[in-house]
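The block underneath contains the structure these notes are about, expressed in structure tokens.
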Amino acid sequence: MRDAKELLETIHIDVEELTESLRFEYQHSTNFAMNPNAFSRTNDTGEWLMSCCPNHAESTASFGISKDPPYHCNCFFCGYLGTVDKIIEIGLGLDDGEGIKLLLSTFVIEENRAPIDIEAIIANGREPLRIPNLDEAILESFRNSRDSDTWTHDVAMAYLLRERGLSLNTISTYEIGVDTVNNCIVFPQRTRTGDLRFLQKRRVGSNYSGAKFINDGSPIKKDILFGLHHINKLRSSPHRIRKVRIVESPIDAMSNYQVGIAAVALNGRILFRNQLQALQLAGIESVDLMLDNDKAGREGQKEALYWLDKAGFIVNEVVYPNPLCKDSNDLLRAGLLDKCPIVSANLLRGLSY
Ligand SMILES: [Zn+2]
């Protein structure tokens, strides 16, 4: 088993992107009050990306992360010397050994030397690089929650069935349950190989305080595409799926499934590099991009198109036949989801770039 430092020597990390993400995550961590400037006020010296140190409060950037492997970190104010995985643990309050996992699953761009199989390291449970999965039993409790609170359960299900037009078959295929205690619909988020990584919970109705979505489980999400495990299972079967539609939300992916179109959801409008890798590993060769029909969706789609094209996928774009429909679920309810024109993205790019 190679240790973290040895792994860091072999991979390429975009330190700027990493620092930016750490700054963002740090703002939502419990350590935030200690040093609100951590990872901010960046300054690129060429070899180092400087920012404010996460170990103490400061307002000038004394802390640097080396832009070259193995990504040493040091602070010329407090004298801290360390590795980038440890800084992730300190910054985000993670347990020992969690930093390297987050780094590998989220920030690695490419391997510089002998390829390392990041997925295998993460998935095969070779300690200490295993990302913890959730216990499958938790899904059982949400699927059976009608027994404990029939009213809350049925209101949540009615939302999916009536307001969203999903069928019971679709709902059960994607193992959707109800958290009656928090009044949430529960979308299980699995890795490509089917491990239960986290639960996305969506509040029912509009009469609640706080966030619309709550997540339970691992904070490592950038390799997850909702629905991909169903496609991955068929990879070495005669029913292998080579083409998928890429949409934003689980409900959009489920809507497409319901009209017989294979789809996966980004869980947002940004396609991450590890999601790109997961698509390749699942045997996908061609994608039809269908992010939301709004400004943010179109921007995300343009970005995703660029990366998919660069990674060698055949890329098409799905055209919204009705401009009033903003996502796949709207089109499902309008009876149009399986009637959308598909346009080659290469052609579109030739016109608009
Ligand atoms: Zn320092």
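Listing for the model above:
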| read-out | value |
| --- | --- |
| Residue-span extension gain [Thr42 to Ser172] - 0.36 nm each, minus C-alpha spacing | 42.1 nm |
| For segment 228-352: span of alpha carbons on each principal axis (Å, largest first) | 39, 32, 23 |
| Three-way shape label, segment 4-123, alpha-carbon gyration tensor, a/c 1.5 | prolate |
| In nm, spacing of pseudo-spin labels at Arg146 and Tyr306 (7 Å Cα→C-beta vector) | 4.8 |
| Highest average packing first - 46-55, 298-307, Cβ atoms within 10 Å | 46-55, 298-307 |
| Relative contact order (%) - criterion: Cα under 8 Å, at least six apart; region: segment 228-352 | 25 |
| Rounded if a/c under 1.5, otherwise prolate or oblate - the chain, Cα gyration tensor axes | prolate |
| Under 22 Å from Lys233, Cα to Cα: lysines that are on another chain or at least 8 residues apart | Lys221, Lys222, Lys243 |
| Residues with amide H under 5 Å from that of Glu248, placed H, sequence gap 5 or more | Leu266, Asp292 |
| Chain lengthening between Val155 and Ile314 when straightened (0.36 nm per residue, less Cα-Cα) | 53.1 nm |
| Distance between modelled label sites at Leu336 and Ile270, nm, 7 Å Cα→Cβ extension | 3.0 |
| Distance between modelled label sites at Arg242 and Thr30, nm, 7 Å Cα→Cβ extension | 5.1 |
| Selected from Ser40, Ser148, Ser66 as most flexible by GNM, with the chain as the system and alpha-carbon contacts under 10 Å | Ser148 |
| Choice from Asp96, Asp223, Asp309 showing the highest fluctuation, given a GNM over the chain with Cα pairs closer than 10 Å | Asp96 |
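FYI, it's all coordinate maths here, none of it is from the lab. Model, not experiment: these values are computed from the prediction. For neighbour counting, all protein chains shown are included, and Cβ atoms are generated from backbone atoms with ideal geometry for every residue, glycine included.
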